[in-house]
């Protein structure tokens with residue numbers, strides 16, 4: 001039995017929406033015990049009735065927002081209405097963040113003074129990127145091999161070929177056999193991978209290492225683990241854009257992009273679960289409330305702005321990974337290079353699609 | 001041993017942060033937690049981890065370098081020196097004795113029993129005075 005393209009797209013979107021919902025659903029318990037929705041609290045607060053009330057209200061909001069976002073994406077795809085589809089994606093990303101800010105506002109009255117104690121490990125910092133430069137260059141190598149393959153089969157590429165398909169499986173976007181038309185996805189992929197590499201470099205060199213507070217914490221090296229995650233993302237991006245570049249030779253993408261996305265989601269779920277459980281068990285031993293940063297520097301509970309902190313990247317209070325210190329000039333450079341520029345280029349590419 | 005090599009400061013204390021860093025590092029150096037030739041975090045790294053200004057950490061490193069504990073080199077950061085035989089500086093010894101007397105007097109005033117204080121000081125002197133475990137390996 002061959003699945004209908006609409007069913008495949010719907011299933012994929014449902015998986016993405018479920019993933020987003022799961023990530024935000026597990027947020028309340030995913031931070032350090034002394035933090036609750038970006039607010040410094042006593043560790044026992046998380047077990048209180050008030051915390052349970054705030055947490056369940058947040059989860060209900062997230063569920064509702066994700067269902068609406070999923071509906072918008074699906075409707076946009078069915079009607080082939082790009083604006084609605086983009087709105088749905090933005091809704092899926094921004095909606096739960098608004099819910100976080102609302103929960104943050106509810107938790108603020110329960111804030112306690114943050115610890116004035118600061119601790120730093122004097123162990124040498126492992127600033128080398130995981131696997132060394134050879135492994136770090138593998139996403140670029142993948143793109144390069146694809147480019148070489150495409151060049152070797154240049155004559156087999158049709159003068160005009162489809163690059164985008166509607167939900168019904170019918171091509172609705174075309175490109176031509178030109179250097180930009182064929183190698184464009186690979187250029188874009190190389191740019192994206194370079195931006196993510198820059199982020200990984202910043203994480204391993206300019207992020208604050210969390211204070212080691214409990215047994216076994218000395219082994220914890222968040223920047224290194226984050227760099228590993230970013231490498232996986234680079235490989236994922238390189239694989240997807242290599243696939244796009246091979247489309248003129250393949251004819252139809254088939255189910256390969258879905259398989260790659262599904263594998264990415266499964267790996268993401270496994271990784272996030274392991275990271276969260278590990279992080280909580282380690283930080284449970286901490287005797288200092290919070291993370292040493294003042295609550296007032298966490299705008300809306302999400303954005304860190306602290307001119308007195310020399311750190312460029314600090315661990316997020318909500319979720320996993322790092323966030324930039326918006327008070328540092330270099331943070332804005334990173335933001336532009338890693339978010340604004342790629343999004344702008346993608347928007348430009350979509351707009352100029354033949 | 002990872003937790004032994006931790007530096008802790010408290011921003012709420014009236015004592016300047018650079019002094020707290022100097023004291024904390026000096027205690028670790030005296031206890032032999034670092035092998036001569038070992039590298040300490042760079043000024044930028046330590047400042048980032050502690051969330052204090054770079055100049056604060058740089059000043060602390062300069063003071064420790066002045067005491068002969070560290071060698072500050074461009075590009076190599078702060079390197080721990082072999083300092084088995086401290087320089088006998090009489091003025092510093094007198095200053096230390098005065099500070100110690102003041103500290104003990106304050107502890108007694110605050111209600112710390114004299115016997116407990118003596119035992120604690122003896123244990124500390126024994127811990128800091130014994131040969132370095134790392135150097136002995």
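Screening segment B:48-68 for residues that are in contact with a strand residue (DSSP E or B) (Cβ under 9 Å, 6 or more places away or on another chain) and facing another protein chain (nearest Cβ under 10 Å) and picking the one that is surrounded by the fewest Cβ atoms within 10 Å (Cβ to Cβ) gives B:51. Only one entry in A:181, A:95 is part of a helix (DSSP H, G or I), touching a strand residue (DSSP E or B) at 6+ places or on another chain (Cβ under 6 Å) and surrounded by 16 or more Cβ atoms within 10 Å (Cβ to Cβ), namely A:181. The set of residues in segment B:77-98 being at pLDDT 85 or above and outside any strand (DSSP E or B) consists of B:81 alone.
Condition check for residue B:41 on (1) facing chain A (nearest Cβ under 8 Å); (2) in a loop (DSSP other than H, G, I, E, B); (3) in contact (Cβ under 8 Å) with a residue 40 or more places away in the chain: one failure, at (3).
Filtering segment B:33-45 to residues that are surrounded by fewer than 18 Cβ atoms within 10 Å (Cβ to Cβ) and touching a helix residue (DSSP H, G or I) at 6+ places or on another chain (Cβ under 8 Å) leaves B:35, B:36, B:44.
One line per residue, one yes/no per condition, for (1) away from every other protein chain (no Cβ under 14 Å); (2) under 15 Å from residue A:142 (Cα atoms); (3) at pLDDT below 85:
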{"site": "A:189", "(1), (2), (3)": "yes, yes, no"}
{"site": "A:196", "(1), (2), (3)": "yes, no, no"}
{"site": "A:208", "(1), (2), (3)": "no, no, yes"}
{"site": "A:212", "(1), (2), (3)": "no, no, yes"}
{"site": "A:222", "(1), (2), (3)": "no, no, yes"}
{"site": "A:230", "(1), (2), (3)": "yes, no, no"}
{"site": "A:248", "(1), (2), (3)": "yes, no, yes"}
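Just one of the numbered conditions (1) crowded, with 17+ Cβ neighbours inside 10 Å; (2) in a loop (DSSP other than H, G, I, E, B) is not true of residue A:143: (2). Filtered by the rule that a residue be in contact (Cβ under 8 Å) with a residue 60 or more places away in the chain, within 14 Å of chain B (Cβ to nearest Cβ) and over 17 Å from residue A:43 (Cα atoms), segment A:89-127 gives A:118, A:119, A:120, A:121, A:123, A:125, A:126, A:127.
For the criterion of being within 14 Å of chain B (Cβ to nearest Cβ), at pLDDT 70 or above and under 29 Å from residue A:112 (Cβ atoms), residue A:294 passes.
Number of residues in segment A:37-81 that are over 19 Å from residue A:18 (Cβ atoms), in contact with a helix residue (DSSP H, G or I) (Cβ under 6 Å, 6 or more places away or on another chain) and in a helix (DSSP H, G or I): the value is 4. Scanning segment B:1-37 for residues that are more than 9 Å from chain A (Cβ to nearest Cβ), assigned to a loop (DSSP other than H, G, I, E, B), out of contact with any strand residue (DSSP E or B) (no Cβ under 9 Å at 6 or more places or on another chain) and modelled with pLDDT under 90 returns B:31, B:32.
The values are calculated or read from the model by the stated rules, or taken from the named source; none is laboratory data. Worth saying up front: this structure is predicted, and the values here are computed from it rather than measured. Cβ atoms come from the backbone with ideal geometry, glycine included; neighbour counts cover every protein chain shown.
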